[in-house]
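Inspection log for the structure reproduced underneath, given as structure tokens.
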Amino acid sequence: MSPVNPFDDAATARVVIDDTGTVREWNEGARRLLGHRAAGIVGRPAALLLADGGDGLGPAPGEGRWSGTLALRHLDGGTVSVWVLAHRRPPRDGAAATWLAVTPLETGVPAYQDDPLVTAALTQSPCAMMIFDDQLRLHGVNDAMARLMELPPPRIRGLRPSDLDAQPQNAELEEYLRRVLVTGRQYDMHAHLRAAGESSAHAWLARIAPLTAPDGRVIGVCVSAHDFTEQHLARERLLLVNEASVRIGTTLDVTRTAQELAQVCVPVLADFVSVDLLDPREHGEPPGPPVPPAPPVTLRRAAHQSVTPGCPEAVAEPGRLDDYPAGSPQAESLATGRAIVAAVPSGDTERWRTWDEVRFRRVAEHGIHSTMSVPLQARGTTLGVAVFTRYRRPEPFTHDDVLLAEEVTARAAVCIDNARRYSRERETTLTLQRSLLPRHLPPTAAVEAASRYLPAARAGVGGDWFDVIPLSGMRVAMVVGDVVGHGIQASATMGRLRTAVRTLADIDLAPDELLTHLDDLVLRLSDESGGDGTGEVGATCLYAVYDPVSRRCTLARAGHPPPVLVPPDGAPRPVELPSGPPLGLGGLPFESAEFELCEGSLLAFYTDGLVERRERDTETGGEVLCEVLKDPSPDLDETCDRVLRALLPAGGAPDDVALLLARTRGLSASRVATWDIPADPALVAPVRKQVLEQLAAWTLWEASFTVELVVSELVTNAIRYGAPPIRLRLIHDATTLICEVSDTNHTAPHLRRAKTWDEGGRGLLLVAQLTQRWGSRHTTEGKTIWAELALLDEK
């Protein structure tokens, strides 16, 4: 046997066979076993060694190891029964793969129970072991287990696991032992307990394996205990980091994110966690340069969490401001930008007495022995500090705990910073949005109106809007729209569209014509934004005009949900309107629909955020809206609130919501006077007289002089420059008197300044000076010139 070549060890028979079944190597142990010398067998088929009745040589295809008993032929012609273990060896040094077959030889080595070396190894093994017999009685323990148990082994022999200790883990161990005895299978048991003489609990892995007799019968159980505390802690840290990445930052709410940080770290890392934040700069300004705050530091408690219900350790309640002087762990960690660990045994907390006696008493009351202050920093900005406290767990914070806390707080700080940035941007966008929406709906004689606007709870402020626009002739325009997208861009686009609608409404365009002009504007906005003109900026809109004199309403829509009509004596129903394309497509026409409304009818205009939800479609939401409006309250504000409560979830709307309710009014015939005027200048004076008589009937004597001048000028202009038939109409309500003159000439007058020697050109200037508003609107028959007088100003 050569000491440098284990293959020549004569105590073990070794043979190398290639894939063709040819013997390639043959050692001295093989010669001793079968008598063949290497020179006579190498290069020959291994099958020649098999005696009649053998089990066969080699594994099944695809296997890498084989063992079994073979009947082999000895050189002297006899048969030798041998147990053989064979395993495949990978190719080496360019040679093909081979099989190594081995079998131990009887060499006079003492049996296991008689071998002092094996006995010493088992007894003195660093792995703690216990042996139980088939009656679950302790048969013996090795030295390592004896040291853990701190009990004399001879004394405890014969006891069951449950006899050794009252810990629940022992009862669990006994149950595992029974399972092993019954099944003959190995089991692993995990336990977290403190062994005798240890100051803290360790994580243990107990491998419970059966001990069997030569006939396979289970005669006992071996338990080997492994201290895998380090592995357990590493796994816990990894799980905590993974859980932090999932649970922290689920919302864009600063307080909620701080609370998630505290909840994730209790009780895995600490028994009590508090999160204190620096207040953001005023007016929503972005954070300044990353300069550490100098003590004393003012922090606001954002959240805390404890293993004890009610958080009795907390000194400050959420929302409270506290000052932390120099030397406090919070101020020091913020100033240095690193974690500060303080321990009671070392006297680190004694200085707390000088600046906060209450905190010092809490430390003594709850047995707090270790704290760790970690600054919250993100994108170069200091946001606050998280303080981790231990009092139930006996071990102090370690360097690994510091690294773990810094990892988790770094993730949380980014989420808190994101939440603050989102809140700041949301507040800016919401301020812009509300500034662009009407703060108060104008009072009109045509409708009583109420409105609501709710920004999206999570998706950000969008471009929903509404408006009520007084028009000439006591008419009123009602509009509601929705710009695609969210954020400042959507709000800015909404403001431009609302301004455009008001401008187009002032020239009294029909609803379908107004939407056509609005569609062109959206196309131009899309081009300006860098789009290709196919809808980079998109919007929907519904525009309605109601006339209280005729009680007729004209509507047109551009991809917007139709309004819901609630007649005074009927069931709510959606208004049937032509479905126009959304704004921004271009080239497609819009159509208007006109119908008469009874006085007291309710119109509900809304954006799709009110009726659309993931669990329902727009049609279902519209049905719910009709159901809610079956019995509307006389108070429209109360009806608005009831609609929002019924259709929106408790957590807020998933999308922006705009709601506009309008209850129609009618103007009685007694408040309208109409005259058909022949195209004769000589008849202007009789017309003025009839107008004064009508004003006297309305008891509007104070306005007589002004109205007489305005009527005279407008009628004279219509006779001189217009085309018959000519009609004069006076409309009167409590605060306003409107004078309208209509003719069939489509040419509209315009205001100009007459020169010194001009004989005309001053009529419209006089009308503009005497009235509150004046203007013209085109009709299908021609045009109407109107002037509006505020009666309150006349009194």
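Brief remarks on what is shown
- Crossing angle, helix 511-528 versus the chain [Cα axis fit, 0-90 degrees, rounded to tens]: 50
- Note on D569 and A679: the model spin-label points, each 7 Å out from Cα along the C-beta direction, lie 4.6 nm apart.
- Between 0 and 90°, nearest 10: helix 636-647 axis offset from the chain longest Cα axis: 30
- Taking only the C-alpha atoms of region 326-441, Rg followed by Dmax gives 19.7, 69 Å.
- Modelled this way, with points 7 Å down the Cα-to-C-beta line, the labels at Y721 and D18 are 11.7 nm from one another.
- Compared with the dominant Cα axis of the chain, that is its longest principal axis, helix 684-697 is turned about 60°.
- For W698, W774, order by how many other beta-carbon atoms lie within 10 Å, fewest first: W698, W774
- Gain upon complete extension [R393, Q169; 0.36 nm per residue less C-alpha separation]: 78.7 nm
- Length available on full extension from R89 to E150: 0.36 nm per residue minus the Cα-Cα distance, which gives 17.2 nm.
- Across region 462-531, Cα pairs under 8 Å and at least six residues apart give a relative contact order of 27 percent.
- Computed from point charges on the beta carbon alone (+1 for Lys and Arg, -1 for Asp and Glu), the dipole magnitude for the chain about its Cα centre is near 860 Debye.
- Distance in nm between pseudo-label sites at I507 and T780 (7 Å out along the Cβ direction from Cα): 2.2
- Against the empirical 2.2 N^0.38 Å (N residues), region 566-683 has a Cα radius of gyration ratio of 1.48.
- Relative contact order (%) - the chain, alpha-carbon pairs under 8 angstrom, separation at least six: 6
- Computed 3J(HN,Hα) for region 19-24, one whole-Hz value per residue from the Karplus formula 6.51 cos²θ - 1.76 cosθ + 1.60 where θ = phi - 60°, is 5, 8, x, 9, 6, 10, glycine and proline marked x.
- Estimated 222 nm signal from helices in the chain, with DSSP H stretches of n ≥ 4 weighted -39500 (n - 2.57), rounded to 500: -9500 deg cm²/dmol
- Treating r as the C-beta distance of L770 and W701 and R0 as 22 Å, the FRET efficiency rounds to 0.85.
- When the alpha carbon gyration tensor of region 437-664 is reduced to an equivalent ellipsoid, the three semi-axes, largest first, read 25, 22, 15 Å.
- Rg over Rh [alpha-carbon atoms, Kirkwood Rh] for region 638-725: 1.38
- A simple rule links phi to the HN-Hα coupling: the Karplus curve 6.51 cos²θ - 1.76 cosθ + 1.60 with θ = phi - 60°, which for region 323-336 gives 9, 10, x, 4, x, 6, x, 5, 5, 5, 5, 5, 5, 8 Hz, with x for Gly and Pro.
- R300-V624 FRET efficiency (beta carbon distance; Förster radius 35 Å; 0.05 resolution): 0.25
- For region 233-426: Kirkwood Rh in Å [reciprocal of mean 1/r, alpha carbons]: 16.7
Read-outs throughout are calculated quantities, based only on the coordinates presented, and are distinct from any laboratory measurement. These numbers come from a predicted model, not from an experiment. A quick note on method: Cβ atoms are made from the backbone with ideal geometry, for glycine too, and the neighbour counts reach across all protein chains shown.
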